[in-house]
Structure formats: C-alpha cells, structure tokens
Amino acid sequence: MLDGLLAELGPWNWWIVGFVLLAAELIMPGVFLVWIGVAAVFVGALSLLLWEHGFWIWQVQMLVFALAAIGATLLGRRYVYNLNPPSDEPYLNQRGASLVGRTATLHEPITEGRGRIRLDDTYWIVMGPDLPAGTQVKVTASNGRDLMVEKN
C-alpha cells in the first residue's frame with residue numbers, strides 16, 4: 001500500500017516531507033528542522049523538473065537531499081546569526097558580571113578567603129584576601145554567584 005502511494009505521488013513526496021518538517025518546526029521550534037524542510041522542498045522542485053529523466057533515481061535524490069540539507073543548514077545558520085545585532089545591555093541577565101568595577105564596603109570581614117558586601121539592595125558573597133569589615137574593596141570578577149574582590 002505504501003509503495004503504491006509513494007509511486008503514485010512521484011515527485012510530490014519531497015514536497016510532502018518538506019512541509020511536514022516545516023510544520024514540525026512550528027511544534028518544536030529550534031530552527032533546525034526548517035533547514036532540512038527547505039532542503040526537501042528544494043529536492044521536490046528539482047524532482048518536478050527531472051522526474052522523467054533516467055538518472056534521477058532515489059539514490060541520486062537522497063544524495064542531493066543530504067547535500068542540500070547540509071548547505072541549507074550552513075547558509076541558514078550564517079544568515080540567522082548575522083541578524084542578531086550586539087546588545088546595548090550585554091549584562092542584562094548576568095547581574096554579577098555587571099558589578100565588575102564597582103566599589104563597596106565589606107559588610108562582613110573576609111576570613112579564609114570569603115566575606116560579604118552589600119551592593120544596592122543585595123548582599124553578595126565575596127572572595128579575596130583576608131580583610132577586616134569596613135574595608136573599601138573593588139569587584140574584579142564574577143563567577144556567577146560569588147564576586148572576586150581586591151582592596152581598593
């Protein structure tokens with residue numbers, strides 16, 4: 001039954017596969033299936049032109065599809081990633097990194113390499129050389145939730 005349907009549809013098989021992949025991209029977005037779907041539609045367009053020729057056998061179609069999928073993925077990734085301009089807020093979701101360069105007063109002394117400072121409305125764990133409370137420190141780096149400081 002399936003063999004008969006595939007033979008009856010002829011070059012339209014690639015169009016169906018391509019549009020199914022494009023629809024699947026809508027269901028599970030990730031901008032990956034779209035390039036494979038575009039490659040399948042491309043092979044479908046070639047199949048409409050070359051279906052009656054003897055060399056356009058399924059092995060050649062699969063080879064063209066594989067090459068088209070690789071090419072579409074590489075070109076698509078290059079195009080999509082060039083559309084993203086640099087952000088005017090590079091540290092938007094990296095609050096610790098946005099604090100590098102600021103100065104603060106130690107709220108708790110740094111003992112055994114760890115202490116606390118208060119910046120704005122948040123207490124931060126800091127790491128650095130042992131210093132007494134009340135010392136002015138400068139934030140030099142961030143490793144996520146901890147800040148590295150040095151004496152100012």
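Remarks
- Selection count where residues are modelled with pLDDT of 90 or more and loosely packed, with under 12 Cβ neighbours inside 10 Å, scope the stretch 137-152: 0
- Verdict on Leu22 being without any contact (Cβ under 8 Å) to a residue 40 or more places away in the chain, loosely packed, with under 14 Cβ neighbours inside 10 Å and assigned by TED's automatic domain parsing to the domain that holds Arg77: no
- The residues in the stretch 139-149 that are closer than 15 Å to His107 by Cβ and either touching an Asp or Glu at 6+ places or on another chain (Cβ under 7 Å) or acidic (Asp, Glu) (or both) can be counted, and the count is 1.
The values are calculated or read from the model by the stated rules, or taken from the named source; none is laboratory data. These numbers come from a predicted model, not from an experiment. Cβ sites come from the backbone with ideal geometry, for glycine too, and all protein chains shown count toward neighbours.
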